[in-house]
Amino acid sequence: MGGETSAVTSTVPTITIREAADHAGQVVRLQGWVHHRTDKGRLQFVVVRDGTGILQAVAFEKDLPPAAFAAARELTQESSIRITGTLRADARAPGGYELGIDDLEVVGLAEPEYPIQPKEHGVGFLMEQRHLWIRTPRQAAILRIRATIVRAIRAWLDGHGFVNVDTPILTPAACEGTSTLFGTDYFGTPAFLSQSGQLYNEATIAALGKTYCFGPTFRAEKSKTRRHLTEFWMVEPEMAFATLEDVMEVEEQFVSHIVATVLAEHRDALVDLLERDVTALEAVQPPFPRLSYDEAVARLQDGPFPDFPWGEDFGAPHESYLAEQFDRPVFVYHYPTAAKAFYMEEVAGRPEVCRSVDLLAPEGYGEIIGGGQRTTSTALLERRFAEHGLSRADYEWYLDLRRFGAVPHSGFGLGLERTVAWICGLQHVRETTAFPRMLEKIYP
Ligand code: 4AD
Ligand code: MG
């Protein structure tokens, strides 16, 4: 570990780089990691990052105790340091401030061969180094924006009468089809990691009116795509006495609030680090356009997919084509019943379509929300259990919700990672979470 240097007086404030503007002209203490060092002999330029930003610091031989200057000359990338010095406004410095170092303490000298160098690395390599890759400013900015999105989600729901009730992760049965279940052994009984908290939300709304769960969900997705993870976070609001139309109104307000919050708090990072076209995000205002599945299919058939068969679920190319015709997210509602989960309410007089709605994000991002109105019919559910190969016994409690005070009710699930990818303008969901889980990918 680094040698101790002269004592720092306790009157010197320890600040973060984000706070630099408030301390111009003052002597401050800063702690962080060496992002980069340039050796100019008697001058050492040390770019420091501390998790809140990046700052250039300069060690001039004559200003430091000799041992501290010697330590500065040996600094390797990612070494952790504490520095004291005077903050100067400097238009040439990135961020507008520079720290003139008076003293420097090495907290942890990094080994010389840091795996991630400022050159182009392949994504496969970077994913293996994900525990280090997240230190790069772009990756850190994404994680920070994700945290803001989480906060905006909770703030909007908490402020609109939704009560947060989280739902179990270990579950006895499927919600979104049996083909993507992760199974585990629960003391001799088969159990599954939750695909969705929705069925439990349908119980909690009868206690609390409007609820939401927000947590990790799991799907054994066997395909490698840029929008599928095997573990992802989903926020699922559910409302009693609400219809499909109510859900669309909530979703457009909710999503617009999330986007506006990120624009207000992270405009610089979006533009400078993520090279995001923020004008596309500024267009995200209610109301969102609405297309029925029938209209959507007609558009596909009139467009580049003349052979698209009515009844099939949309794939990524279809969603992209539909969404790119609008400047904001678009609702597609009344999907074919056969393409959706067992709990969907039928459209009156047209049982081949159901009261479902997906929200497709523009710019090729596609579905970020799935939801709809849930059936209240016990008879319909019993038929669907048979059709979907589900055991009625596993859902006895769910049928109780229809037996005891059934009401029209609706809700939806917004995928956090897809939302982060869209708002940040990322090519792949793997960068939206600190440690993504994907097909054949569980390290680190
Ligand atoms: O459309 P899904 O499957 O809907 C449900 O699970 C409902 N039970 C939600 C509800 O009504 N309460 O999933 C909802 C969203 C998708 O729109 C997508 O954003 C995300 O969850 N999602 C995934 N995100 C990443 N990787 C995956 N494998 C995902 N599967 C779904
Ligand atoms: Mg869906």
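Specify which of the listed residues (Thr167, Thr76) is touching a strand residue (DSSP E or B) at 6+ places or on another chain (Cβ under 8 Å) and farther than 30 Å from Phe218 by Cα. So the residue among Thr167, Thr76 that is touching a strand residue (DSSP E or B) at 6+ places or on another chain (Cβ under 8 Å) and farther than 30 Å from Phe218 by Cα is Thr76.
Against the numbered list (1) over 26 Å from Glu238 (Cβ atoms); (2) in contact (Cβ under 8 Å) with a residue 60 or more places away in the chain; (3) surrounded by fewer than 16 Cβ atoms within 10 Å (Cβ to Cβ), Arg151 comes up short only at (1). If I filter the stretch 231-247 for residues that are over 24 Å from Trp156 (Cα atoms) and aliphatic (A, V, I, L, M), do I get at least one hit? Within the stretch 231-247, none of the residues are over 24 Å from Trp156 (Cα atoms) and aliphatic (A, V, I, L, M).
Which one is nearest to Glu238 (Cα to Cα), of the residues in the stretch 337-371 that are small (Gly, Ala, Ser) and touching a helix residue (DSSP H, G or I) at 6+ places or on another chain (Cβ under 6 Å)? Can you show your working first?
From the stretch 337-371, those small (Gly, Ala, Ser) are 338-339, 341, 348-349, 356, 361, 364, 366, 370-371; that's our starting set.
Checking which are touching a helix residue (DSSP H, G or I) at 6+ places or on another chain (Cβ under 6 Å) leaves us with 361, 364, 366, 371.
Values: Ala361: 21, Gly364: 27, Gly366: 22, Gly371: 9 Å.
Among residues in the stretch 337-371 that are small (Gly, Ala, Ser) and touching a helix residue (DSSP H, G or I) at 6+ places or on another chain (Cβ under 6 Å), the one nearest to Glu238 (Cα to Cα) is Gly371.
Inspect all residues belonging to the stretch 296-304 and state whether any of them is more than 15 Å from ligand 1 (Cβ to nearest atom), over 18 Å from Thr225 (Cβ atoms) and among the charged types (D, E, K, R). Yes; the residues of the stretch 296-304 include at least one that is more than 15 Å from ligand 1 (Cβ to nearest atom), over 18 Å from Thr225 (Cβ atoms) and among the charged types (D, E, K, R).
Residue-level check: of (1) surrounded by 14 or more Cβ atoms within 10 Å (Cβ to Cβ); (2) within 16 Å of ligand 2 (Cβ to nearest atom); (3) at negative phi, Met438 misses just (2).
Inclusion of His428 among residues that are within 26 Å of Ile153 (Cβ to Cβ), surrounded by fewer than 24 Cβ atoms within 10 Å (Cβ to Cβ) and either within 15 Å of ligand 1 (Cβ to nearest atom) or not assigned by TED's automatic domain parsing to the domain that holds Val250 (or both) is warranted. Within the stretch 397-421, the set of residues being within 15 Å of ligand 2 (Cβ to nearest atom) and over 27 Å from Glu382 (Cα atoms) comprises Leu414, Gly415, Leu416, Glu417, Arg418, Thr419.
Taking the stretch 279-289, which residues are surrounded by fewer than 16 Cβ atoms within 10 Å (Cβ to Cβ) and touching a helix residue (DSSP H, G or I) at 6+ places or on another chain (Cβ under 9 Å)? Matches in the stretch 279-289: Glu282, Gln285, Pro286, Pro287.
Please find, among Gly161, Gly95, Gly124, the residue that is farther than 25 Å from Leu55 by Cβ and either in a helix (DSSP H, G or I) or touching a Cys at 6+ places or on another chain (Cβ under 6 Å) (or both).
Numbers: Gly161 fails: either in a helix (DSSP H, G or I) or touching a Cys at 6+ places or on another chain (Cβ under 6 Å) (or both); Gly95 fails: farther than 25 Å from Leu55 by Cβ.
Step by step, each of Gly161, Gly95, Gly124 is checked, and only Gly124 is farther than 25 Å from Leu55 by Cβ and either in a helix (DSSP H, G or I) or touching a Cys at 6+ places or on another chain (Cβ under 6 Å) (or both).
Please tell me if Thr167 is in a strand (DSSP E or B), of a type in the set (Ser, Thr, Tyr) and within 26 Å of His257 (Cα to Cα). The answer is no for Thr167. Looking across the stretch 202-231, the residues that are within 16 Å of ligand 2 (Cβ to nearest atom) and buried (at least 16 other Cβ atoms within 10 Å of the Cβ) come down to Thr217, Phe218, Arg219, Glu221, Arg227, His228, Leu229, Thr230. Residue count for the stretch 315-344, restricted to those that are free of Cβ contacts under 8 Å to residues at least 40 places away in the same chain, outside any helix (DSSP H, G or I) and within 24 Å of Thr178 (Cα to Cα): 3. Counting only strands (runs of 3 or more DSSP E) that sit wholly inside the stretch 173-289, those with at least 2 residues that are within 16 Å of ligand 1 (Cβ to nearest atom) are 189-193, 210-218, 231-240. Only one of the numbered conditions (1) out of contact with any helix residue (DSSP H, G or I) (no Cβ under 8 Å at 6 or more places or on another chain); (2) aliphatic (A, V, I, L, M); (3) outside the structural domain of Leu43 (by TED's automatic domain parsing) is not met by Ile116, and that is (1).
Can you find a residue that is away from ligand 1 (no atom under 16 Å from the Cβ), part of a loop (DSSP other than H, G, I, E, B) and on the phi > 0 side of the Ramachandran plot anywhere in the stretch 365-388? No, because not a single residue in the stretch 365-388 is away from ligand 1 (no atom under 16 Å from the Cβ), part of a loop (DSSP other than H, G, I, E, B) and on the phi > 0 side of the Ramachandran plot.
The values are calculated or read from the model by the stated rules, or taken from the named source; none is laboratory data. Please read these numbers as outputs of a predicted model, since none were measured by experiment. Virtual Cβ from ideal backbone geometry, glycine too; neighbours counted across all protein chains shown.
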